[in-house]
1. Looking only at the range B:90-110, filter to residues that are among the small types (Gly, Ala, Ser) and out of contact with any strand residue (DSSP E or B) (no Cβ under 6 Å at 6 or more places or on another chain); which one of those is least open to solvent (accessible area, probe 1.4 Å)?
2. Quick test for you: out of B:Arg39, B:Arg74, B:Arg56, pick the one residue that is in contact with a Pro (Cβ under 9 Å, 6 or more places away or on another chain) and among the charged types (D, E, K, R).
3. Can you confirm whether A:Pro166 is surrounded by fewer than 20 Cβ atoms within 10 Å (Cβ to Cβ) and at negative phi?
4. Has the range A:125-143 got at least one residue that is modelled with pLDDT of 95 or more, open to solvent by less than 50 Å² (accessible area, probe 1.4 Å) and touching a strand residue (DSSP E or B) at 6+ places or on another chain (Cβ under 9 Å)?
5. For the range A:197-219, indicate whether the set of residues that are over 30 Å from A:Glu131 (Cα atoms) and either part of a helix (DSSP H, G or I) or within 16 Å of ligand 1 (Cβ to nearest atom) (or both) is non-empty.
6. So, in the range A:161-190, how many residues would count as being away from ligand 1 (no atom under 16 Å from the Cβ) and either among the β-branched types (Val, Ile, Thr) or in contact with a helix residue (DSSP H, G or I) (Cβ under 7 Å, 6 or more places away or on another chain) (or both)?
7. It is to be established whether one or more residues within the range A:43-63 are within 14 Å of ligand 2 (Cβ to nearest atom), open to solvent by 40 Å² or more (accessible area, probe 1.4 Å) and without any contact (Cβ under 8 Å) to a residue 24 or more places away in the chain.
8. Looking at the range B:308-327, is at least one residue under 17 Å from the mean Cα position of the chain (by Cα) and either open to solvent by 20 Å² or more (accessible area, probe 1.4 Å) or within 30 Å of A:Arg81 (Cα to Cα) (or both)?
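The values are calculated or read from the model by the stated rules, or taken from the named source; none is laboratory data. As the structure is a prediction and not an experimental result, all values here were calculated from the model. Glycine gets a Cβ as well: all are built from the backbone with ideal geometry, and neighbour counts include every protein chain shown. Accessible surface is based on the protein model in full, side chains and every heavy atom, while ligands, DNA and RNA are left aside. Shrake-Rupley method; radii C 1.70, N 1.55, O 1.52, S 1.80 Å.
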Amino acid sequence: MSVLEIRGLQVSVNTENGTVEILKGVDLTIKSGETHAIMGPNGSGKSTLAYSIAGHPKYTITGGSVTLDGADVLDMTVDERAKAGLFLAMQYPVEVPGVSVSNFLRTAATALRGEAPKLRTWVAEVKGAMEALNMDPAFAARNVNEGFSGGEKKRHEIMQLELLKPKMAILDETDSGLDVDALRIVSEGVNRAKANNDLGVLLITHYTRILKYIKPDFVHVFANGKIVEEGGPDLADKLEANGYADYVSK
Amino acid sequence: MSVLTTNYLTPTGREEAWRFTPLKRLRGLHNGSASISDRNSLVAKAALPKGVSFTRESLAPLAASDDIIIERIRGAASDVSHLAIAANVEIQEPIFLTRIAGALDSAELSRVRISLGTHAVATVIVENIGDTLLAEDLEISLAPGSSLTFVSLQEFDSKSVYTARHHAVVDKDAVFKSITVTVGGDVVRILPTVEFIAPGGSAELLGVYFATTGQFFEHRMHVDHAVPNAKSRVNFKGALAGKDAHTVWIGDVLIRAVAQGTDTYELNRNLLLTDGARADSVPNLEIETGEIVGAGHASTTGRFDDEQLFYLMSRGISLENARRLVVRGFFNEIITEIGNEEVQERLMERIDGELERAGA
Ligand SMILES: Nc1ncnc2c1ncn2[C@@H]1O[C@H](COP(=O)(O)OP(=O)(O)OP(=O)(O)O)[C@@H](O)[C@H]1O
Ligand SMILES: [Mg+2]
């Protein structure tokens, strides 16, 4: 049983026009097996929250804390956070020229497991993970995310989620850009990870559609750098019907 | 032992061709003060296949040169190490030439010829290793319809000085591809040059270089489109790390008035891995006719991409390994063109080592 605890998190970015405060005190607790959906208008700071937890160097933490099972996440380097059990499926996965998917996955698995996976079982493992997400095995030889379509990048993220087996996953708009079939396939991947590893999920989305497949236990409304309302799954339907007007004007 | 005669002009460093080169570190190769040894260090690594010979013979130069060191070599040495691939011979496995017996206290003036008969096909890999003071006049002749992949590996130890011209003369419909790799030495200055003497030829000059603390690596191409309908591509990628690492890439491409139907593109990309390093990149396209298929150039210099490092690290990969992956990835496009796994992996490991040594 793991707990990711975010307390009073304040984050800013440096711009040409000085420092801009983006997160204005975020409180959120996610336990193993729980799925928390975050919905909120464009620019409200959802990706900033995701990146800050993962340790992206662009963001400066100005207040608050993030802990995983009591360990100070904010004190860890990016790779240490992954080793502690955090995973971020990115809204815009990054292309890494010249680095093959298979080399990347093996290097990551070696780092996370503390030893190189046995070659024979590893090849089968990767093949299985790719098949589960309907990815052509030819992707293994391609360079990481290079020339992948938007939907292929997202499948690749969830494939990593299944392969690397984190404790807590933040999915930043994993559903955006997916066709109806891909949405189902990717959702099933997330649900398998939940079932197999008791994964805790923070799912950032603009659409209730994915919530039909990945059932949230909690829905949070995010506006202007913080959580402004919390509720059950029905809150998502209310948002879909009414939009964010109530929250943004506050 | 003799001393290079000094009735040649000596570069001062103000000449266009020498303005970047640290002349003081050339150990006297440029001004004739280096003492000359008669060592002849280039040998075939294995038994040669049928249709291939490697001999010492007296040969007149294939093409004129305006490089002062090349002139000095030609003035002092008439014997040439000649690798000849007979007409119509096709060789799948690469032919390896390698260096033995280097020395730093005296200079070797080397003349090498690689010649391919009509429709011959071969890959030649030259391994430059050890610590040595070496000036080389390497000429390549491609007969009509022949095809050569020429791999030149500068895997020197840290004190070597190597100045060379690698000049290819490309006849009708011949295909020349070179991969120049420079990852070792104190000063390396190579002139990869190409001259088309009949229509329909193509030349692809690829290269990678990685200079770390204090090293100076210069690659100065010259592609002469002196006939119609020839094609050339240049793609060099360089990385630099550590204080006073310095690289120079010059891409001179000349499309003469007669060279209608020319198709050329040149590209140089540099990756500055730390502060204190300097990459000079000067593409230079001279076009004397408008009747061409295409001509272009691009040059970029960048740093580690934070987004790439973050992505890799967010999957548990350490900063050190993430950097290694990104640098390997950067060079991969060119290195894989060598087509020999063993050499490719050896170079990648050397690159890892250089990266580590530079503390980048
Ligand atoms: N470098 C920067 N300079 C200026 N503003 C920035 C910078 N980086 C982020 N921001 C701002 O921070 C705010 C939050 O951005 P963030 O990406 O977290 O939003 P989001 O909620 O994920 O939006 P979306 O739903 O569109 O993905 C935005 O207004 C954005 O413009
Ligand atoms: Mg976002």
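1. In this case the residue turns out to be B:Ala103.
2. Only one candidate passes the filter, namely B:Arg74.
3. The answer is no for A:Pro166.
4. Among the residues of the range A:125-143, at least one is modelled with pLDDT of 95 or more, open to solvent by less than 50 Å² (accessible area, probe 1.4 Å) and touching a strand residue (DSSP E or B) at 6+ places or on another chain (Cβ under 9 Å), which makes the answer yes.
5. yes
6. Residues in the range A:161-190 being away from ligand 1 (no atom under 16 Å from the Cβ) and either among the β-branched types (Val, Ile, Thr) or in contact with a helix residue (DSSP H, G or I) (Cβ under 7 Å, 6 or more places away or on another chain) (or both): 16 in total.
7. yes
8. No, the range B:308-327 has no match at all.
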